[in-house]
1. For the stretch B:2-115, rounded, prolate or oblate, judged on the Cα gyration tensor with a ≥ b ≥ c (square roots of eigenvalues), a/c < 1.5 rounded, else prolate if a/b > b/c?
2. Ranked highest first by the average count of other Cβ atoms within 10 Å around their residues, in what order do A:209-220, B:263-274 fall?
3. At residue B:263 and residue B:382, where each label point lies 7 Å from the Cα along Cα→Cβ, what is the point-to-point distance in nanometres?
4. Pull out a ≥ b ≥ c, the square roots of the eigenvalues of the alpha-carbon gyration tensor of the stretch A:134-240, then state rounded if a/c is under 1.5, prolate if not and a/b is larger than b/c, and oblate in the remaining case.
5. What distance in nm separates the two pseudo spin-label positions at residue B:89 and residue B:252, each 7 Å out from Cα along the beta-carbon direction?
6. Take each of the peptides A:103-109, A:241-247, average the number of other beta-carbon atoms within 10 Å over its residues, and list them starting from the highest.
7. State the extension gain, in nm to one decimal, for the chain segment bounded by residue A:44 and residue A:63, taking 0.36 nm per residue of separation less the distance between their alpha-carbons.
8. Arrange the peptides B:15-22, A:149-156 so that the one whose residues have, on average, the most other Cβ atoms within 10 Å appears first.
């Protein structure tokens, strides 16, 4: 018995390397397990949570072009219900569309966690470990089965973080990543108003680049920041110009949370 | 505190602890790894910044959610360092032990995920109990007042209205009820609903029915009770039965009660009178952009007045008022700001009324609210009481509002309109006319 345990531990202890095929297989297996867990949780539901009604109504009102609803909830982050409303036009109900999309966001997030951890540690095994933690995370399992804005927001947040890590790793020397992070910042704000926190990522990444490579990468860091802020400014200005009521409310919301509440 | 609680909730406690340990280990020189250092420095800075930013917006544990992403990355870092740490303590099979521990923790994660799903059979049973009781009493409309949080959505039929009293605390239950229902006395819900249900969520030992009877002199009957095993919380469904014919009447019968007992004069705004050119109201209306008729005079519904000092002075131009021309027409008010009209006659306070408003909104949308001006016995203005918003749909719908003003001698009803509003009719009936 003792020998068997020792041999098992030796087997687990050996320093293994994974081929590309094995990584893909392991990632697929984790995705299937993650999906299974979420579906399992979904089938065990015996009552609808409280927030669902509001989101279903939101999607239905968007598709019905109800002006009263738009006026009443113009402060409400519109991205998640608007995507679902677009999907609904294919003929499925608002509830089904919201559930399918949320499950989709949650599974995509598990996949993006692989890329994020792989790029942070420059190691496929770390990517798989991060993916496993994401797939089994109890809170993410719970969120995936409910109609909430969180799965979409967490996906946008993670993709932004991954892009910023690629910029730091020098894999994003081209100018595409800052522009992507700029666009994701706006999408994040439109998913939850707290999404403005994504604006931190690229400036922080630029500072890290300067720390990492000393001054020789100053030009790259500054260019990235300029591209990033230009993207954010152009998108914000376009939305302001188009009279988007949610965008016009953001400064007031930030003032309310970070200035008035402190007083 | 909510943030720390939320951090451990979203990361799952073992991995939350690992993430915190990872942040500490990162700053230890012994474990510095050039390959990971800068991307990890970025991730740790992000988690620290987000923690600072989020503390201001956190009102619930789930707002700590974005820390889950950097939290997982830092947990991975801590897990990758663990074998090295164990080896420093000369522990054999360090890698194997860590891998086994991770697998076991992941399995507990899965178990934890499934345990989130707590069965809540009472949510269905409560809805069923209300429906069965309605069927037994042969009524097709009812209202449910929910005191407290039942922990999920109650699936009532569309004929059952639900009013939530969110801030109920058992210790000061009636202070909260009094506050929430100040304008909607439970007794006067019975004017509109034949059955009023009250769902009380509280400790098993709570004595809702007795407390309620002391406060409102009407003992509710217990219809259904469920004791939640995990925390011994009682979900009790009580019922009050109405004896007002208005509550059980069909729309036509109710219409007759309202028409026969209406005390409001010119509630359909059909009779109008000319306002003298020098009249202060006419001047205010003209200054707001209300267009005079062909003869140059302004006409206004009889028995209705405007208060030049309230709303009208600050109203932005243009305000438009169109009086009803025939039986199907309504009084149309179009205004960017709130403007008000009120009854010339004053009514007795300390009594209950049932007010019926038939109104609608134009394509641009509008809002209509019912207020009351309170007067002393010698008709000196005392204060204004706001009542409730009136549901508007296109072209018009009728809403019944139970209405009571205690502690006042006289009052006048006020209608406040904003946007594009059409008011077809307003009637007020003393509650005793609707009682048996």
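1. Details: a/c = 2.80, a/b = 1.31, b/c = 2.14.
Here the stretch B:2-115 falls in the oblate category.
2. Going by the mean number of other Cβ atoms within 10 Å, highest first, we get B:263-274, A:209-220.
3. Going from the residue B:263 label point to the residue B:382 one covers 1.6 nm.
4. Values: a/c = 3.05, a/b = 1.53, b/c = 1.99.
Taking the square roots of the gyration eigenvalues as a ≥ b ≥ c, the stretch A:134-240 is oblate.
5. 8.5 nm
6. Averaged packing, sorted descending, gives the order A:103-109, A:241-247.
7. So the chain would gain 3.8 nm between residue A:44 and residue A:63.
8. In decreasing order of mean packing, B:15-22, A:149-156 become A:149-156, B:15-22.
Every read-out reported here was derived from the displayed coordinates using simple, explicitly stated rules and does not represent laboratory data. The shown structure was predicted, so the numbers you read here are calculated from the model rather than taken from an experiment. Cβ sites come from the backbone with ideal geometry, for glycine too, and all protein chains shown count toward neighbours.
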